[in-house]
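The values are calculated or read from the model by the stated rules, or taken from the named source; none is laboratory data. What you are looking at is a predicted structure, and each value in this text was computed from that prediction instead of being measured. For neighbour counting, all protein chains shown are included, and Cβ atoms are generated from backbone atoms with ideal geometry for every residue, glycine included.
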């Protein structure tokens, strides 16, 4: 099976390429410099000859998207559409990585895979458009939503928290936003398991099980860094107003994975315990 991974230089892309290579798959790793996913001719040429196209490329600067929505749309929606169309022409499966930001964040129970989309930010709107484009362009697809990603291959919440805690001896972290900290290694593994299991086309949620607030996650990070978790003080979202609204509740359900016979990622605390030495190294 021959795989094309776009956004291969990103945190998830690096781990996915590594996992596929270790498993003996033939992989073409395309980062932003190697493939402009908004260039139709370039996309058609890159996709040809592959069996699976995983789109890890994305505009992820959530706040910047509020003032540059057209540019974010070009990457998150137009690029996704071009890749899916090219995959269909090549007889390949499309895998689109999406986000919890497509929901409104107002729920009090895990969002189902078929829940109504109601993005509240420009970033969320462009990612929702990308989902729609992939579904409309290639019947053979997975849309895999994820959230709160961290990993060794790039800047992420745990690295920042550990650094600030060491430098300042204490910090304030919001306690009124809840989600699922998810290791990029685990998401890469899930994508590979979905494809190799021959799961039905559709939408799946690629997040860790369980849930935590940012404050709770930060305490776990500080503890793993050898510091006292009590130095992480709880605060509210009002203390950290940012251009793009953050979902208050980002917990995603995993029923579709269970129905497909694919095990969801384990509880976030268990997985953080495994990931921490690598991520904080």
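Observations on the model:
- Per the conditions (1) in contact with a helix residue (DSSP H, G or I) (Cβ under 9 Å, 6 or more places away or on another chain); (2) buried (at least 17 other Cβ atoms within 10 Å of the Cβ); (3) farther than 25 Å from residue 10 by Cα, the sole criterion not satisfied by residue 151 is (3).
- When residues of the range 225-242 are limited to those that are in a loop (DSSP other than H, G, I, E, B) and modelled with pLDDT under 95, the one nearest to residue 173 (Cα to Cα): 241
- Residues of the range 270-281 satisfying the condition of being surrounded by 15 or more Cβ atoms within 10 Å (Cβ to Cβ) and more than 18 Å from the chain's Cα centre (by Cα): 276, 280
- Filter result for residue 122 (under 28 Å from residue 154 (Cα atoms), within 19 Å of the chain's Cα centre (by Cα) and buried (at least 16 other Cβ atoms within 10 Å of the Cβ)): yes
- Test result for residue 93, surrounded by fewer than 17 Cβ atoms within 10 Å (Cβ to Cβ) and either under 18 Å from residue 187 (Cβ atoms) or in contact (Cβ under 8 Å) with a residue 12 or more places away in the chain (or both): no
- Residue within the range 187-207 that is in contact with a helix residue (DSSP H, G or I) (Cβ under 7 Å, 6 or more places away or on another chain) and either modelled with pLDDT under 95 or more than 30 Å from residue 139 (Cβ to Cβ) (or both) present: no
- For residue 62, the test of being in contact (Cβ under 8 Å) with a residue 60 or more places away in the chain and under 16 Å from the mean Cα position of the chain (by Cα) is passed.
- Which listed residue, of 109, 133, 86, is surrounded by fewer than 19 Cβ atoms within 10 Å (Cβ to Cβ) and more than 14 Å from the chain's Cα centre (by Cα): 109
- Selection within the range 1-18 - over 17 Å from residue 156 (Cβ atoms) and over 16 Å from the mean Cα position of the chain (by Cα): 1, 2, 3, 4
- Leading residue by the ranking (nearest to residue 183 (Cα to Cα)) among those in the range 256-269 that are in a helix (DSSP H, G or I) and within 19 Å of the chain's Cα centre (by Cα): 268
- Residues being surrounded by 18 or more Cβ atoms within 10 Å (Cβ to Cβ) and on the phi > 0 side of the Ramachandran plot - total across the range 202-231: 0
- Restricting 47, 52, 43 to those that are over 30 Å from residue 241 (Cα atoms), surrounded by fewer than 24 Cβ atoms within 10 Å (Cβ to Cβ) and more than 16 Å from the chain's Cα centre (by Cα) reduces the list to 52.
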